[in-house]
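Shown next, in C-alpha cells, is the structure this report addresses.
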Amino acid sequence: MTAFSTDHLELIAAILTMRIRSLSSHLIALPRDIQNRQALRLMISRRARLLKYLRKVSVTRYEDVLDKIGVEPRAVEGEVVITKEDLRTMIRGQ
C-alpha cells in the first residue's frame, strides 16, 4: 500500500473548484477583501498542483475531471490570477 492514495483526487479537485467559484463571486462583490483574494490564489495553485499530479498518474482521468469540473487545460498550465484591474473591469462590465 502506498503512502498516498489517488482514489479521491477528482473529488478534491471538484470541491476546490466549487470553493474557487464561490470565492470569485464574493470577490466581485467585495473587491477590497485582500485576505480572501490571497486565499483564492492559494486554492487555485493547490488545484493546479493536484491536477498536474493527476495528469502524471492518469491522463484519461485528468481529461475526464477537466470536463466534469469545467476547467480548461490552459487554466491548469498557467493558472489565471485575477489582478485588481481585471477585477475592476469585471465589476464594471466594460
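One table, with the values for the structure above:
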read-out	value
Unmet requirement for Tyr62, which otherwise passes all of (1) aromatic (Phe, Trp, Tyr); (2) in contact with a Leu (Cβ under 7 Å, 6 or more places away or on another chain); (3) open to solvent by 30 Å² or more (accessible area, probe 1.4 Å)	(3)
In the range 22-38, the residues that are under 16 Å from Thr83 (Cβ atoms) and of a type in the set (Gly, Ala, Ser)	Ser24
Residues that are part of a helix (DSSP H, G or I), farther than 21 Å from Val65 by Cβ and either of a type in the set (Ser, Thr, Tyr) or open to solvent by less than 50 Å² (accessible area, probe 1.4 Å) (or both), drawn from the range 18-35	Ser25, Leu27
Which numbered condition Gly93 fails, given (1) at pLDDT 90 or above; (2) open to solvent by 60 Å² or more (accessible area, probe 1.4 Å)	(1)
Which listed residue is farther than 19 Å from Ile91 by Cβ and not in a helix (DSSP H, G or I), from Asp64, Asp7	Asp7
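The values are calculated or read from the model by the stated rules, or taken from the named source; none is laboratory data. This is a predicted model, so every value here is computed, not measured. For neighbour counting, all protein chains shown are included, and Cβ atoms are generated from backbone atoms with ideal geometry for every residue, glycine included. For the accessible areas, the whole protein counts, side chains as well, though only heavy atoms, and no ligand, DNA or RNA atoms are used. Shrake-Rupley method; radii C 1.70, N 1.55, O 1.52, S 1.80 Å.
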